[in-house]
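The values are calculated or read from the model by the stated rules, or taken from the named source; none is laboratory data. Keep in mind it's a predicted model, so treat the numbers as computed, not measured. Reconstructed Cβ throughout: ideal geometry from the backbone, glycine too, with neighbour counts over all protein chains shown.
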Amino acid sequence: MIKKTSVRHANSHHALLTDAWTMNVQKLERGIGEFVTPPSLQYHVSLFEMTDDGTLHVNVTHRQEMKPAKGWSGPGVSANGFVHNRRFDAMSTEEILRAIREMVFAAPA
């Protein structure tokens, strides 16, 4: 069954097409919401699915350019800042959250 949901939180949002990642994404967003960051670290995490692709796509956008953490592509440049991205499929939710944390707290470029 294909559905479309989009939910926004303070530092994250998701746009899911199916139920496949719903429980994982809810846990990830709770974990992201618990990150303790200095006010100067401005970031946003996007979690989403794409049609005909069973992986979870994650973008981490920072206002300032950051060095990519291991496994992340980028940076790309958008109107909102510098974007790094990664796809996940076989990792546990805890491992995905750890990878997101590493990218959120990456060193400035």
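Considering (1) surrounded by 14 or more Cβ atoms within 10 Å (Cβ to Cβ); (2) at pLDDT below 95, the lone condition that Ala90 does not fulfil carries the number (1). What are the residues in segment 73-109 that are part of a strand (DSSP E or B) and in contact (Cβ under 8 Å) with a residue 12 or more places away in the chain, if any? Matches in segment 73-109: Ser73, Pro75, Ser78, Gly81, Phe82, Val83, His84, Asn85, Arg86, Arg87, Phe88, Pro108.
For segment 70-79, a residue qualifies if it is touching a strand residue (DSSP E or B) at 6+ places or on another chain (Cβ under 8 Å) and either surrounded by fewer than 20 Cβ atoms within 10 Å (Cβ to Cβ) or over 11 Å from Ile100 (Cα atoms) (or both), and the qualifying residues are Gly71, Ser73, Gly74, Pro75, Gly76, Val77, Ser78. Listed by first and then second residue, the pairs with beta-carbon distance under 7 Å, at least 6 apart or on different chains, first residue in segment 28-42 and under 15 Å from Met66 (Cβ atoms), second assigned to a loop (DSSP other than H, G, I, E, B) and of a type in the set (D, E, K, R), are Gln42/Arg63. Evaluate the following for Thr55: is it at pLDDT below 95 and either among the hydroxyl-bearing types (Ser, Thr, Tyr) or within 13 Å of the chain's Cα centre (by Cα) (or both)? In short, no. Return the residue satisfying two criteria in turn: it lies in segment 58-69 and is within 16 Å of Pro108 (Cα to Cα) and within 10 Å of the chain's Cα centre (by Cα), and of such residues it is surrounded by the most Cβ atoms within 10 Å (Cβ to Cβ). Among residues in segment 58-69 that are within 16 Å of Pro108 (Cα to Cα) and within 10 Å of the chain's Cα centre (by Cα), the one surrounded by the most Cβ atoms within 10 Å (Cβ to Cβ) is Val60.
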